[in-house]
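This report concerns only the one structure given below.
Each value in this text was obtained by applying a stated rule to the coordinates, not by laboratory testing. Bear in mind the structure is a predicted one, so any value in this text is a computation, not a measurement. Cβ placement follows ideal geometry from the backbone for every residue including glycine, while neighbour counts extend to all protein chains displayed.
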């Protein structure tokens, strides 16, 4: 574990103990998939308080998520996540250019924003939606005035239901086995050999946990993320094809 990872590990234990001792909800910053895996490891530490935690990033299929320490069962009340959705749209769409995820991320970083203070960025045509820590909302609304060469305006909004639906593509694939490398290779049109570095470099997660073993068996209900490609859900398992391959229905998330 690196020094940075150890600091996060200790911080997460501290948040669990503060929630437990003070009977209040505490929240982490937005956590990447690898950082979420550190949380799961910290939760097995004896120093981690006996308090429940959950993860949320703005909507159920977000990749970057905050951890909330505490539950209604623990405290007898509930508190929402301090997350706000901000819509970014060009001032003059007629003359604007479509921008990429990287363009929006670059503009946020150029404002001096800490990456841990905002979550997923969703690009929807000319517009984009960003989940951000509520503490940064006013600053973003006042200061994010341009992205790339587009002059933009920001407002508090919600990720459109139409986007959530269009971002999912359901397909049926045929695989020789339910091994993670076989399924990932089929979903993203790779050879099984090409998937190996993604496991060794800790770029694959299943249900939020980093997976380094490419022979891990997957099942219906699993959510798989591969950094650099995206994320997919295994919806259901079907029967065997005439060639003896297993039919799987998967939902692939657009980027």
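In this simple spin-label approximation, residue 44 and residue 219 carry label points 7 Å from Cα along the Cα→Cβ vector, and these lie 1.9 nm apart.
Projecting label points 7 angstrom from Cα along Cα→Cβ for residue 177 and residue 10 puts them 4.3 nm apart. Each label point was placed 7 Å from the Cα along the Cα-to-Cβ direction; for residue 207 and residue 24 their separation is 3.4 nm. Taking a ≥ b ≥ c as the square roots of the eigenvalues of the alpha-carbon gyration tensor, the stretch 177-255 is classed prolate because a/c is 1.5 or more and a/b outweighs b/c. Annotation for the stretch 1-64 versus the stretch 112-174: alpha-carbon center distance of 24 Å. Pairwise Cα separations in the stretch 118-208 fall into 10 Å bins from 0 onward with the following percentages, short to long: 12, 30, 25, 24, 10, 0.
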